[in-house]
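Peer 1: Submitted below is the structure of interest, expressed as structure tokens.
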Amino acid sequence: MDAALMLEKTTLNPQQVAAASFGNEPLLIVAGAGTGKTNTLAHRVAYLIASGVNPSRILLLTFTRRAAKEMARRVENILASVERKGASPGAVVGKIWHGTFHAIANRLLRLPSSSASREAISSHTARQGCVATSPRRAAKPAG
């Protein structure tokens with residue numbers, strides 16, 4: 001289904017539709033409580049996916065786990081309400097990088113790294129007077 005047509009079937013106001021269909025560029029939405037930010041962001045993510053953006057290229061950050069789960073649920077519901085070919089909405093939403101700031105940072109830190117980056121980390125920790133206990137963890141020497 002056409003992404004623009006998908007937004008016509010919503011209850012979004014004109015400003016929210018403009019934000020949801022902004023394009024493929026990064027977008028920061030700042031608005032007060034009760035203004036429909038969550039709904040607008042969920043429609044934006046669904047719009048991007050319907051426009052052909054790879055879900056794994058979408059980063060959706062929130063402050064709480066509850067909000068992250070709610071956002072993912074809403075995106076899944078929006079995608080389920082639209083006729084789509086291909087993967088199920090749940091599978092598509094599972095590819096989105098969504099979560100709290102801390103959870104996403106933790107996920108990034110746990111990504112497999114190349115041997116060159118491990119060597120750089122080891123070299124840096126040695127220069128800082130740290131003892132590298134593993135490629136991912138460094139501890140100050142006891143003393």
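Peer 1: If we keep just the residues of region 79-107 that are touching a residue at least 40 places away in the same chain (Cβ under 8 Å) and of a type in the set (A, V, I, L, M), which is nearest to residue 12 (Cα to Cα)?
Peer 2: Step by step, filter region 79-107, then rank; the result is 82.
Quick grid of which residues meet (1) part of a loop (DSSP other than H, G, I, E, B); (2) closer than 19 Å to residue 91 by Cα:
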site: 33; (1), (2): yes, no
site: 39; (1), (2): no, no
site: 48; (1), (2): no, yes
site: 56; (1), (2): no, yes
site: 60; (1), (2): no, yes
site: 68; (1), (2): no, yes
site: 80; (1), (2): no, yes
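Peer 1: Still on this structure: For residue 12, are the conditions met, namely being under 16 Å from residue 71 (Cβ atoms) and modelled with pLDDT under 90? Lay out the reasoning, then the answer.
Peer 2: Numbers: under 16 Å from residue 71 (Cβ atoms): yes; modelled with pLDDT under 90: no.
Considered against the rule, which asks whether it is under 16 Å from residue 71 (Cβ atoms) and modelled with pLDDT under 90, residue 12 comes out as no.
Peer 1: Quick check on region 53-60. Is at least one of its residues within 21 Å of residue 103 (Cβ to Cβ), exposed (fewer than 13 other Cβ atoms within 10 Å of the Cβ), out of contact with any Phe, Trp or Tyr (no Cβ under 9 Å at 6 or more places or on another chain) and at pLDDT below 90? Walk me through how you get there before you give the answer.
Peer 2: Taking region 53-60 as the starting set, the residues that turn out to be within 21 Å of residue 103 (Cβ to Cβ) are 54-60.
Still in the running and exposed (fewer than 13 other Cβ atoms within 10 Å of the Cβ): 54, 56-57, 59.
Those left that are additionally out of contact with any Phe, Trp or Tyr (no Cβ under 9 Å at 6 or more places or on another chain): 54.
Narrowing the set further to residues that are at pLDDT below 90 leaves none.
No: zero hits.
The values are calculated or read from the model by the stated rules, or taken from the named source; none is laboratory data. Quantities reported herein were computed from a predicted structural model and do not represent experimental measurements. With ideal geometry, Cβ positions are generated from the backbone for all residues, glycine too; neighbour counts draw on all protein chains shown.
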